[in-house]
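Notes follow the structure.
The values are calculated or read from the model by the stated rules, or taken from the named source; none is laboratory data. Computed from a predicted structure; not experimentally measured. Here Cβ is always computed from backbone atoms with ideal geometry, including for glycine, and neighbour counts include all displayed protein chains.
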Amino acid sequence: MTNLQLNPIYAEMPVTVFEHMSGLARSLGAINLGQGFPDTPPPAALTAAAVRAMETRSQQYPPSMGVPELRDAVAAFYRREQGLDLTREQVVVTSGATEAIAAAILAVVGTGDEVLLFSPAYDAYAPLVRRAGGVPVFVPLAPPAWGYDDAAIRAAITPRTRALILNDPLNPTGSVASAEELALLARIACEHDLVAICDEVWEAVRFDGRPQRSLLAQPGMAKRTIKIGSAGKIFGATGWKVGWMVADAALATVLGKAHQFLTFTTPPMLQWAAAEGLADPAITRTLHAEWAASRRVLMDGLAAAGFKVLDSVATWFACVDLPASGIALDDRTFSERAVREAGVASIPLSALWEGEGGPTTILRLCHCKPPAMLEDAVARLSRWRESL
């Protein structure tokens, strides 16, 4: 057989923890509380809008920057929901938020540039920084508050530091940066001339009753912030892969040039449908109420079964402290055994931590599932736990 010379970065790279656990759930018939996606379809109004657009509008290449209707809708959505004064020229539509993150990194990071990442972190950040020629520099966040520490951040900055990536609300912890922490991060970015790539895909999935506060709105940050959003998270339609980048118009032009050589564009019918959804606040209110209810089912069920659930106010996820729950297993062992022996898939938080010193006993479970499925999952975990 020919010995093909493949890029060792990818030839030797394992699949993501999300693909691994979802694959096990499918093959074993387990309940999948690992990878984050609802088991229900997106709102009927969105599906109808997509079908209508497919039947009556173009299915050819739309503009690379996005259809005007969606770019206008994103600007209007953030004006209504977060008080941001934006225009169409500041919005670049992408094929999901992960593509937006890739485009942002490629537009900002050059060979040898250092990028601050906060651990735990979404697992795409570091590989994308490395593929751009950059160097990820990790600043650990400590449980249970997962706060941003001034001294720790400043200690990680060098003359090579070019950017920081902030995920707020934070996956996997469900925590949200405070007003004081956002002000701190803005001061640091301005003082050190950093670009802030802000992954805010969970901005509409908050349960603390507060609107999202973006780093983009902080003093001095308007021209140095790239705000990333996702229709998939806002509408529970993860397979649509419609995302966007928001930035100063001049910066958005550069971001668009990076985007054009990734996916170039995104299916227009989904863009038009997402635009309709963003214009209708009732859709997001209904979804939020459903997710709040299912979140309560999982968190209350876990607590009643003796699992210690860490405080969180956002995302589709709840985190369990295994030692505090009386379980003497690390998170990876628990996760691998639970999917095979209890029939419930989860995500070990340590899989989203790079470097030394990270927590190894925290488990992430997804709660945007039907209540009966969540109750079944808790019952399975509770019965299995008794056998440990």
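If I go through the stretch 76-105 residue by residue, how many of them are in a helix (DSSP H, G or I), aliphatic (A, V, I, L, M) and surrounded by 21 or more Cβ atoms within 10 Å (Cβ to Cβ)?
Just the residues of the stretch 76-105 that are in a helix (DSSP H, G or I), to begin with: 76-82, 88-90, 97-105.
Filter again for aliphatic (A, V, I, L, M), leaving 76, 97, 100-105.
Of the ones still in play, those that are also surrounded by 21 or more Cβ atoms within 10 Å (Cβ to Cβ) are 97, 100-105.
Residues in the stretch 76-105 being in a helix (DSSP H, G or I), aliphatic (A, V, I, L, M) and surrounded by 21 or more Cβ atoms within 10 Å (Cβ to Cβ): 7 in total.
Filtered by the rule that a residue be without any contact (Cβ under 8 Å) to a residue 24 or more places away in the chain and not charged (D, E, K, R), the stretch 188-238 gives a lone residue, 209.
Set side by side, the residues 75, 48 differ, and just one is of a type in the set (A, V, I, L, M) and free of Cβ contacts under 8 Å to residues at least 12 places away in the same chain, which is 48. Of the helices (runs of 4 or more DSSP H) lying entirely inside the stretch 246-363, those containing at least 2 residues that are within 30 Å of residue 75 (Cβ to Cβ) are 249-259, 268-278, 281-304.
Taken together, 188, 226, 153, 157 contain a single residue that is within 25 Å of residue 353 (Cα to Cα), buried (at least 24 other Cβ atoms within 10 Å of the Cβ), modelled with pLDDT of 95 or more and of a type in the set (A, V, I, L, M), which is 226.
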